[in-house]
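Working notes, structure below.
The values are calculated or read from the model by the stated rules, or taken from the named source; none is laboratory data. Nothing here was measured: the structure is a model prediction, and the numbers come from that model. So basically every Cβ, Gly included, is an ideal-geometry build from the backbone, and we count neighbours across all protein chains shown. Only protein heavy atoms, including side chains, enter the accessible area calculation; ligands, DNA and RNA are left aside. Shrake-Rupley method; radii C 1.70, N 1.55, O 1.52, S 1.80 Å.
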Amino acid sequence: MQIEFFGTRGSVPSCGIEYVKYGGNTTCVVVTMDDGRKLIIDAGTGIRNVANIGKDEDIRIFLTHSHWDHLQGLPFFGQIYNPEASFKYIISAHNFDDVKADIYKQMSGTTFPVNFNSLPCDVSFVKIDKSLKVDDSLTLEVFNNHHPGEASGIKIINNGKVFTFLTDNEIELLRKNNRYKELIEFCKGSDCIAHDAQYSKEEYSHKEGWGHSSIIHVLDLLIETKPKIGIFTHHDPNHTDVQIDEFEELGKAMLKEANVQMLFFGAKENDVIEF
Ligand SMILES: [Zn+2]
Ligand SMILES: [Zn+2]
(Lines give C-alpha, C1' and ligand atoms only; values in the text may rest on other atoms or scores of the structure.)
(Ligands and ions follow the chains in the order given, each with its own letter.)
Protein backbone atom coordinates (compact mmCIF):
# COMPACT_ATOMS: atom_id res chain seq x y z
CA MET A 1 0.00 0.00 0.00
CA GLN A 2 1.20 3.49 -0.79
CA ILE A 3 0.07 6.76 0.81
CA GLU A 4 0.82 10.10 -0.82
CA PHE A 5 0.00 13.42 0.83
CA PHE A 6 -1.10 16.27 -1.45
CA GLY A 7 -2.42 18.54 1.32
CA THR A 8 -1.61 18.45 5.03
CA ARG A 9 -2.96 21.78 6.28
CA GLY A 10 -6.14 22.26 8.31
CA SER A 11 -8.78 24.99 8.20
CA VAL A 12 -7.38 27.21 5.43
CA PRO A 13 -4.33 27.13 3.11
CA SER A 14 -1.09 28.72 4.39
CA CYS A 15 1.19 30.68 2.08
CA GLY A 16 4.75 31.87 2.75
CA ILE A 17 8.29 30.66 3.21
CA GLU A 18 7.59 29.56 6.80
CA TYR A 19 5.25 26.83 5.49
CA VAL A 20 7.28 25.33 2.66
CA LYS A 21 8.55 22.15 4.34
CA TYR A 22 5.14 20.78 5.39
CA GLY A 23 3.17 22.53 2.65
CA GLY A 24 0.26 24.94 2.58
CA ASN A 25 -2.50 23.03 0.80
CA THR A 26 -5.48 21.67 2.72
CA THR A 27 -6.29 18.00 3.17
CA CYS A 28 -5.92 15.54 0.32
CA VAL A 29 -4.35 12.07 0.41
CA VAL A 30 -4.08 9.45 -2.32
CA VAL A 31 -3.96 5.80 -1.28
CA THR A 32 -2.74 3.26 -3.85
CA MET A 33 -3.73 -0.35 -3.25
CA ASP A 34 -1.45 -3.32 -4.01
CA ASP A 35 -3.13 -3.83 -7.40
CA GLY A 36 -2.75 -0.16 -8.42
CA ARG A 37 -6.29 0.96 -7.62
CA LYS A 38 -6.40 4.41 -6.06
CA LEU A 39 -8.62 6.07 -3.49
CA ILE A 40 -8.46 9.83 -2.98
CA ILE A 41 -9.30 10.95 0.56
CA ASP A 42 -10.75 14.47 0.71
CA ALA A 43 -10.78 17.25 -1.84
CA GLY A 44 -8.94 20.07 -0.07
CA THR A 45 -6.85 22.44 -2.18
CA GLY A 46 -4.17 19.74 -2.51
CA ILE A 47 -6.37 17.79 -4.94
CA ARG A 48 -5.47 20.36 -7.63
CA ASN A 49 -2.05 18.69 -7.86
CA VAL A 50 -3.31 15.12 -8.09
CA ALA A 51 -2.43 13.74 -11.51
CA ASN A 52 -2.03 10.27 -12.97
CA ILE A 53 -4.89 9.02 -10.89
CA GLY A 54 -5.22 5.96 -13.08
CA LYS A 55 -7.89 5.14 -15.58
CA ASP A 56 -9.91 8.25 -16.34
CA GLU A 57 -13.15 6.37 -16.13
CA ASP A 58 -12.69 5.22 -12.54
CA ILE A 59 -12.05 7.90 -9.90
CA ARG A 60 -13.01 7.23 -6.29
CA ILE A 61 -13.04 9.94 -3.63
CA PHE A 62 -13.83 9.36 0.04
CA LEU A 63 -15.00 12.56 1.71
CA THR A 64 -14.57 12.77 5.49
CA HIS A 65 -16.93 15.78 5.62
CA SER A 66 -17.65 18.96 3.72
CA HIS A 67 -15.94 21.70 5.72
CA TRP A 68 -14.26 24.01 3.21
CA ASP A 69 -10.73 22.75 3.86
CA HIS A 70 -11.84 19.27 2.74
CA LEU A 71 -13.89 20.24 -0.31
CA GLN A 72 -12.51 23.52 -1.62
CA GLY A 73 -10.21 21.98 -4.24
CA LEU A 74 -12.89 19.93 -6.01
CA PRO A 75 -13.93 22.63 -8.55
CA PHE A 76 -10.22 22.94 -9.47
CA PHE A 77 -9.63 19.20 -9.98
CA GLY A 78 -9.28 18.96 -13.76
CA GLN A 79 -10.79 15.48 -14.06
CA ILE A 80 -14.29 16.69 -13.17
CA TYR A 81 -14.33 18.42 -16.58
CA ASN A 82 -13.33 15.22 -18.39
CA PRO A 83 -16.35 13.67 -20.18
CA GLU A 84 -14.62 10.26 -20.05
CA ALA A 85 -14.26 10.32 -16.28
CA SER A 86 -16.53 8.51 -13.87
CA PHE A 87 -16.56 9.73 -10.29
CA LYS A 88 -17.65 7.72 -7.29
CA TYR A 89 -18.04 9.82 -4.16
CA ILE A 90 -17.79 7.53 -1.14
CA ILE A 91 -19.32 8.90 2.06
CA SER A 92 -20.18 7.44 5.45
CA ALA A 93 -23.90 6.94 6.12
CA HIS A 94 -23.26 9.04 9.25
CA ASN A 95 -22.95 12.30 7.24
CA PHE A 96 -23.92 11.13 3.74
CA ASP A 97 -26.90 13.45 3.13
CA ASP A 98 -25.10 16.61 4.26
CA VAL A 99 -21.91 15.95 2.29
CA LYS A 100 -23.80 15.00 -0.87
CA ALA A 101 -25.89 18.19 -0.66
CA ASP A 102 -22.80 20.32 -0.02
CA ILE A 103 -21.01 18.96 -3.12
CA TYR A 104 -23.88 20.30 -5.25
CA LYS A 105 -24.17 23.51 -3.22
CA GLN A 106 -20.44 24.31 -3.63
CA MET A 107 -20.89 24.53 -7.39
CA SER A 108 -24.35 26.01 -7.62
CA GLY A 109 -23.55 29.14 -9.63
CA THR A 110 -23.29 31.76 -6.91
CA THR A 111 -20.17 30.41 -5.20
CA PHE A 112 -18.50 29.07 -8.36
CA PRO A 113 -19.21 29.87 -12.01
CA VAL A 114 -19.69 26.26 -13.13
CA ASN A 115 -22.75 24.35 -11.95
CA PHE A 116 -22.14 20.82 -10.62
CA ASN A 117 -25.14 19.55 -12.60
CA SER A 118 -23.54 20.71 -15.85
CA LEU A 119 -20.30 18.73 -15.41
CA PRO A 120 -19.66 16.29 -18.28
CA CYS A 121 -18.25 13.47 -16.10
CA ASP A 122 -20.35 10.64 -14.75
CA VAL A 123 -21.18 11.00 -11.03
CA SER A 124 -22.39 8.43 -8.52
CA PHE A 125 -22.50 8.19 -4.75
CA VAL A 126 -21.66 5.25 -2.50
CA LYS A 127 -22.86 5.16 1.11
CA ILE A 128 -20.85 3.18 3.68
CA ASP A 129 -22.74 1.96 6.68
CA LYS A 130 -19.85 1.03 9.05
CA SER A 131 -18.11 -1.24 6.55
CA LEU A 132 -17.97 -1.88 2.80
CA LYS A 133 -16.40 -4.97 1.33
CA VAL A 134 -15.39 -3.82 -2.16
CA ASP A 135 -13.98 -7.26 -3.03
CA ASP A 136 -11.88 -10.03 -1.44
CA SER A 137 -8.79 -7.79 -1.25
CA LEU A 138 -10.32 -4.46 -0.21
CA THR A 139 -12.56 -3.43 2.68
CA LEU A 140 -13.35 0.09 3.85
CA GLU A 141 -14.56 0.84 7.38
CA VAL A 142 -15.78 4.18 8.74
CA PHE A 143 -15.71 5.83 12.16
CA ASN A 144 -18.00 8.57 13.50
CA ASN A 145 -15.52 11.27 14.52
CA HIS A 146 -16.20 13.80 17.26
CA HIS A 147 -16.36 17.03 15.24
CA PRO A 148 -18.77 19.99 14.95
CA GLY A 149 -21.06 19.33 11.98
CA GLU A 150 -19.90 15.67 11.95
CA ALA A 151 -16.96 14.04 10.16
CA SER A 152 -15.94 10.47 9.40
CA GLY A 153 -12.70 8.56 9.71
CA ILE A 154 -11.74 5.75 7.36
CA LYS A 155 -9.84 2.48 7.68
CA ILE A 156 -8.59 0.84 4.48
CA ILE A 157 -7.84 -2.87 4.66
CA ASN A 158 -6.04 -4.13 1.54
CA ASN A 159 -4.53 -7.60 1.37
CA GLY A 160 -3.90 -7.63 5.11
CA LYS A 161 -2.40 -4.14 5.23
CA VAL A 162 -4.27 -1.51 7.21
CA PHE A 163 -4.22 2.29 6.91
CA THR A 164 -6.37 4.42 9.24
CA PHE A 165 -6.98 8.09 8.48
CA LEU A 166 -8.67 10.22 11.13
CA THR A 167 -8.81 13.93 10.62
CA ASP A 168 -11.07 16.51 12.21
CA ASN A 169 -11.48 14.30 15.24
CA GLU A 170 -11.35 15.47 18.85
CA ILE A 171 -9.91 12.60 20.87
CA GLU A 172 -10.44 14.26 24.25
CA LEU A 173 -14.19 14.72 23.72
CA LEU A 174 -14.50 11.10 22.59
CA ARG A 175 -12.88 10.23 25.92
CA LYS A 176 -15.26 12.48 27.87
CA ASN A 177 -18.24 10.95 26.01
CA ASN A 178 -17.13 7.40 26.84
CA ARG A 179 -16.17 6.63 23.24
CA TYR A 180 -12.38 6.37 23.68
CA LYS A 181 -12.49 2.56 23.77
CA GLU A 182 -14.41 2.61 20.47
CA LEU A 183 -11.64 4.76 18.93
CA ILE A 184 -8.94 2.41 20.21
CA GLU A 185 -10.78 -0.61 18.81
CA PHE A 186 -11.09 1.12 15.41
CA CYS A 187 -7.37 1.94 15.31
CA LYS A 188 -6.00 -1.34 16.71
CA GLY A 189 -4.22 -3.52 14.17
CA SER A 190 -3.38 -0.61 11.85
CA ASP A 191 0.03 -0.64 10.16
CA CYS A 192 -0.20 3.10 9.72
CA ILE A 193 -2.36 5.73 11.44
CA ALA A 194 -2.57 9.35 10.31
CA HIS A 195 -4.40 11.60 12.79
CA ASP A 196 -5.27 15.28 13.09
CA ALA A 197 -2.97 17.03 15.60
CA GLN A 198 -3.84 20.66 14.98
CA TYR A 199 -2.99 21.93 18.46
CA SER A 200 -0.28 21.95 21.08
CA LYS A 201 -1.30 21.01 24.63
CA GLU A 202 -1.50 24.70 25.54
CA GLU A 203 -3.53 25.67 22.44
CA TYR A 204 -5.97 22.82 23.06
CA SER A 205 -6.72 24.14 26.54
CA HIS A 206 -8.37 27.16 24.85
CA LYS A 207 -9.97 25.24 22.01
CA GLU A 208 -11.90 22.35 23.53
CA GLY A 209 -14.97 21.69 21.37
CA TRP A 210 -13.40 23.01 18.17
CA GLY A 211 -13.19 19.47 16.80
CA HIS A 212 -9.44 18.86 16.67
CA SER A 213 -6.86 17.07 18.77
CA SER A 214 -3.70 18.06 20.56
CA ILE A 215 -0.41 16.39 19.68
CA ILE A 216 -0.34 14.91 23.21
CA HIS A 217 -3.71 13.16 22.76
CA VAL A 218 -2.57 11.80 19.39
CA LEU A 219 0.58 10.41 21.00
CA ASP A 220 -1.51 8.75 23.74
CA LEU A 221 -3.57 7.08 21.02
CA LEU A 222 -0.48 5.95 19.07
CA ILE A 223 1.24 4.60 22.18
CA GLU A 224 -1.86 2.58 23.03
CA THR A 225 -2.50 1.21 19.52
CA LYS A 226 1.15 0.84 18.39
CA PRO A 227 1.02 1.09 14.58
CA LYS A 228 4.36 0.69 12.76
CA ILE A 229 3.93 4.19 11.34
CA GLY A 230 2.33 7.13 13.17
CA ILE A 231 1.68 10.36 11.27
CA PHE A 232 0.20 13.65 12.45
CA THR A 233 -1.53 15.95 9.97
CA HIS A 234 -4.15 18.74 9.58
CA HIS A 235 -1.47 21.19 10.69
CA ASP A 236 -2.78 24.48 12.06
CA PRO A 237 -2.57 27.20 9.36
CA ASN A 238 -0.55 29.36 11.77
CA HIS A 239 2.00 26.67 12.61
CA THR A 240 5.33 27.26 10.92
CA ASP A 241 7.72 24.52 9.80
CA VAL A 242 9.73 25.15 12.98
CA GLN A 243 6.69 24.61 15.21
CA ILE A 244 5.70 21.41 13.40
CA ASP A 245 9.31 20.17 13.73
CA GLU A 246 8.92 20.76 17.48
CA PHE A 247 5.73 18.63 17.52
CA GLU A 248 7.73 15.86 15.82
CA GLU A 249 10.56 16.07 18.37
CA LEU A 250 8.08 16.06 21.25
CA GLY A 251 6.36 12.98 19.84
CA LYS A 252 9.62 11.10 19.34
CA ALA A 253 10.59 11.85 22.95
CA MET A 254 7.22 10.59 24.22
CA LEU A 255 7.52 7.38 22.20
CA LYS A 256 11.06 6.80 23.53
CA GLU A 257 9.87 7.42 27.08
CA ALA A 258 7.05 4.89 26.54
CA ASN A 259 9.54 2.45 24.97
CA VAL A 260 7.46 2.18 21.79
CA GLN A 261 9.22 1.67 18.44
CA MET A 262 7.46 3.56 15.68
CA LEU A 263 8.25 5.62 12.62
CA PHE A 264 6.68 8.95 13.65
CA PHE A 265 6.52 12.21 11.73
CA GLY A 266 4.42 15.17 10.61
CA ALA A 267 2.83 14.73 7.18
CA LYS A 268 4.48 16.78 4.44
CA GLU A 269 3.05 17.62 1.06
CA ASN A 270 4.48 15.15 -1.51
CA ASP A 271 5.42 12.64 1.20
CA VAL A 272 5.11 9.09 -0.13
CA ILE A 273 4.87 6.28 2.40
CA GLU A 274 4.93 2.61 1.44
CA PHE A 275 4.32 -0.40 3.64
ZN1 LIG B 1 -10.47 20.32 8.55
ZN1 LIG C 1 -13.78 20.02 9.86
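Just how many % of Cα pairs in the chain lie over 32 Å apart, if you round to the nearest whole percent? Looking at the chain, the distances longer than 32 Å represent 18 percent of pairs.
In terms of distances greater than 24 angstrom between alpha carbons, the cross-link table entries Lys21/Lys181; Lys21/Lys207; Lys155/Lys228; Lys201/Lys268; Lys105/Lys127; Lys201/Lys252 yield Lys21/Lys181; Lys21/Lys207. Segment Lys176..Leu132, full-extension length gain: 12.9 nm, with 0.36 nm per residue of separation and the alpha-carbon distance subtracted. Length gained on full extension, Ile17 to Asn117, computed as 0.36 nm times the residue gap minus the Cα-Cα distance: 32.1 nm. Computed over the chain with a Gaussian network model linking Cα atoms closer than 10 Å, the most mobile of Thr139, Thr111, Thr45 is Thr111.
Legend: calculated FRET efficiency, Glu203 to Phe76, from the Cβ-Cβ distance at R0 = 22 Å, rounded to 0.05, equals 0.15. Here the sum of -39500 (n - 2.57) over DSSP H runs of 4 or more residues, divided by the residues of the chain, equals -6000 deg cm²/dmol at 222 nm, to the nearest 500. Take the Cα of Asp191, go 7 Å toward its beta carbon, and the backbone nitrogen atoms of the stretch 5-31 under 15 Å from that spot belong to 31. Given 25 °C and 0.890 mPa s, compute D for the stretch 25-106 with the Stokes-Einstein relation, Rh being the Kirkwood radius over Cα pairs; round to the nearest whole µm²/s. It diffuses with D of about 192 µm²/s by this estimate.
Accessible surface area normalised per residue over the chain is 43 Å², counting heavy atoms of protein chains with a 1.4 Å rolling probe.
Atom-type composition of the exposed protein surface of the chain places 49 percent of the accessible area on carbon and sulfur (1.4 angstrom probe).
Our estimate of slack between Trp68 and Lys100, defined as 0.36 nm per intervening residue step minus the Cα-Cα distance, is 10.1 nm.
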